[in-house]
Amino acid sequence: MQIFDAHCDMLLKLWENPKIDVFKDDRLHVNISSLKKGNKSIQCFAIFVPENIPFSQRLSVAQQQINIFYQKILHQFPEIKLLKSKADLEDLKEGETGAILTLEGCDAIGDQIANLELLYELGIRSVGLTWNYANLVADGVLEKRNAGLTNFGREVILFLNRQQMWTDLSHASERSFWEALDLADFPITTHSNVYQLCSHVRNLKDEQIVALFRKKGVIGVTFVPFFTSDQSKPTIATLIKHVDYLCSLGGENQIGFGSDFDGIDETIVGLENYSCYEELANELLRHYSDTQVKKFLYRNLVDYLPF
Ligand SMILES: [Zn+2]
């Protein structure tokens, strides 16, 4: 079974806990042994710099996490391949796993496109404009003033368009979302659910979903319990309601998954770690055809890779 997971925070966890064994450690939701089971699966690895890191150190922390990715993952496991181009994807062989580096929030780049260029050179191929708060690019979803893009933010999106990278609008304030959607050639929300089903501020309202679909963008349905249900203890069946809803808005070819594994403390019942994707696939197959399930789990995101 091939899985394309558009968001995990494994690198953050490894950066915070240097002693974790990347191959197999109970503290990890995603580990290398479970990743390797999915033949030619693709995992996105986010670089995330926590809010408490002083501005002057944020780029350095991003680089430290990228270093962890190279040293502890790529160098130790030659069967994990960094995907920087379509050719890299086509070169994946049986038994290999593709890895995509992503940036969650532009805080690390300050106000310098050169910093973004550097991260691009190191392999980053998808960029979230913000985390929950404001930075020099845009406002995040918890920033009460709900402002949109800065002039620099517009420059950032034009850069992403030129380099054929995803502009990730998960975490963006509503105004940032609309302004960025207008400008971005390859908009995506890698880990957000449906607001109509769960009224969390991180989720997408119907107008946003429809507009994103109209721009050919993909929504990564996420396993964060409190983005999945207003009630406690959501299950896989609760999560699938988000898939059903997105399909009802015409998204059959624009739904993927972005687990947020290793970025969450609580998990959906039945989706405790990466290996549970199998259960999700089985449950999806009770509602959808084999072809549809393959699209949701893998194909839609692959088809939307801009590079
Ligand atoms: Zn996130």
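The values are calculated or read from the model by the stated rules, or taken from the named source; none is laboratory data. In this text the structure is predicted, and so the values were computed from the model without any measurement. In this analysis, Cβ positions are derived from the backbone assuming ideal geometry, glycine residues included, and neighbour counts consider all displayed protein chains.
If you check 101, 118, which single one turns out to be outside any strand (DSSP E or B), farther than 23 Å from residue 175 by Cα and not acidic (Asp, Glu)?
Result: 118 is the single residue among 101, 118 that is outside any strand (DSSP E or B), farther than 23 Å from residue 175 by Cα and not acidic (Asp, Glu).
Condition test on residue 153, is it modelled with pLDDT of 95 or more, more than 15 Å from the ligand (Cβ to nearest atom) and of a type in the set (Gly, Ala, Ser)? Yes: the conditions hold for residue 153. Checking residue 80 against (1) more than 30 Å from residue 133 (Cβ to Cβ); (2) among the aliphatic types (A, V, I, L, M); (3) within 16 Å of the ligand (Cβ to nearest atom), which single condition isn't satisfied? Status for residue 80: all satisfied but (3).
Look at region 171-186: where a residue is more than 16 Å from the ligand (Cβ to nearest atom) and a partner is modelled with pLDDT under 95 and not in a helix (DSSP H, G or I), sitting 6+ places away or on another chain with Cβ atoms under 6 Å, you get 175/146. Considering the conditions (1) in a loop (DSSP other than H, G, I, E, B); (2) free of Cβ contacts under 8 Å to residues at least 40 places away in the same chain; (3) away from the ligand (no atom under 15 Å from the Cβ), residue 111 is excluded by exactly one of them, (2). Against the condition at negative phi, assigned to a strand (DSSP E or B), polar (S, T, N, Q) and within 16 Å of the ligand (Cβ to nearest atom), how does residue 65 come out, does it pass? Taking the combined requirement at face value, the residue does not satisfy it.
Can you list residue pairs whose Cβ atoms sit under 7 Å apart, with the first residue in region 43-58 being more than 21 Å from residue 123 (Cβ to Cβ) and touching a residue at least 12 places away in the same chain (Cβ under 8 Å) and the second being within 16 Å of the ligand (Cβ to nearest atom) and aromatic (Phe, Trp, Tyr)? Count only pairs 6 or more apart in sequence or on different chains. Correct list of pairs: 51/133. Inside region 282-301, residues that are crowded, with 16+ Cβ neighbours inside 10 Å and not basic (Lys, Arg) make up a count of 10. Of the residues making up region 192-213, just one is in contact with a Leu (Cβ under 6 Å, 6 or more places away or on another chain) and of a type in the set (S, T, N, Q), namely 192.
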